[in-house]
1. How are the C-alpha pair distances of segment 113-198 spread across 5 Å bins, as whole percents from the shortest bin up?
2. Given only helices, namely DSSP H runs of n ≥ 4 each adding -39500 (n - 2.57), what is the per-residue ellipticity at 222 nm of the chain, to the nearest 500 deg cm²/dmol?
3. What net charge is computed for the residues neighbouring A191, neighbours being all others with C-beta under 14 Å from the C-beta of A191, Lys and Arg scored +1, Asp and Glu -1?
4. Note down the relative contact order for the chain as a percent, whole number, built from C-alpha pairs under 8 angstrom at least six residues apart.
5. Calculate, in nm to one decimal, what M1 and L121 gain on full extension: separation in residues at 0.36 nm each, minus their alpha carbon distance.
6. Around G150, with a cut-off of 12 angstrom between Cβ atoms, what is the net charge of the other residues, counting Lys and Arg +1 and Asp and Glu -1?
7. With θ set to phi - 60°, apply the Karplus curve 6.51 cos²θ - 1.76 cosθ + 1.60 along segment 125-140 and write out the HN-Hα couplings as whole Hz, x wherever there is a Gly or Pro.
8. Quick one: if the Förster radius is 41 Å, what FRET efficiency do E142 and K80 give, using the C-beta to C-beta distance and rounding to 0.05?
Amino acid sequence: MSYRVVLLGPPASGKGTVAAALSVTLQVAHVSTGQLFRETIRRGGLAGQAARQFIDKGQLVPDDVVIAIVREWLDDHGTKPEFIFDGFPRTVTQADAFDEMMAARSLTRPTVILIEVPAELTIERILGRLGCVNCAALYHAEFDPPRQAGVCDKCGGRLVRRADDTEATVRERLRWYTDLTLGVVSHYERAGGLQRVDGRQGKQQVFADVLRIVKS
Ligand code: AMP
């Protein structure tokens, strides 16, 4: 069985956590465009600086930049790539370009799952979120704390808050989600096959629901 999955949802809906767990269970690459940008920024250089201007303000990186990195990722991963995309596509232009990339490789449309979470919960989750600088594992200072404060349970790496996890930026990211990414939800809904999971549940249940859909 080939696995091609797209996880949609607002910021902090649990896409990253579910995608990381799915990647381990299915042995399929987890591709987070946000994470690709954060790595580019850490490496320094012009591409990172350009992306950072948008990310730090909670704005979306321009479509042509995002589409180029996804195309490059697909080109680097063989003729029948398998993946779990988290955070892509975020606009209808990206979704259209992605459809074309799939068609050009004679691949059928991926399994598209929307993790639904209300805005208030998104804000609460983001303001306590901590991520490992080394392995990108995620925690929450209150709801899902690490065993030792500031240290990743999985690899011992340092835990930090993301530069764009501030209240002002979260509200901006939610606005972009409502304005643009909900168009992506309609795009896949119109094509049929969009599936929904209740992201208010505990992360194990969200994961179980997503896994059942992916395997069905
Ligand atoms: P994430 O880690 O998915 O929350 O993404 C962090 C930030 O990276 C977003 O707020 C955007 O600024 C940028 N980003 C990630 N993926 C995309 C995308 N598909 N389109 C535009 N911007 C993106």
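What follows draws every value from the coordinates through simple rules; no lab data is involved. The structure presented is a predicted model; accordingly, all values stated were derived computationally and were not measured. So basically every Cβ, Gly included, is an ideal-geometry build from the backbone, and we count neighbours across all protein chains shown.
1. Values per bin, smallest distances first: 3, 13, 18, 18, 16, 15, 10, 5, 2, 0.
2. After summing the helix terms and dividing by residue count, I get -14000 deg cm²/dmol.
3. So the surrounding residues net to -2.
4. Relative contact order of the chain: 30 percent.
5. Net length gain for the segment: 39.7 nm.
6. +2
7. 5, 5, 5, x, 6, 10, x, 7, 5, 8, 10, 6, 4, 10, 9, 10
8. On the way: r = 42 Å, r/R0 = 1.03.
It comes out at approximately 0.45.
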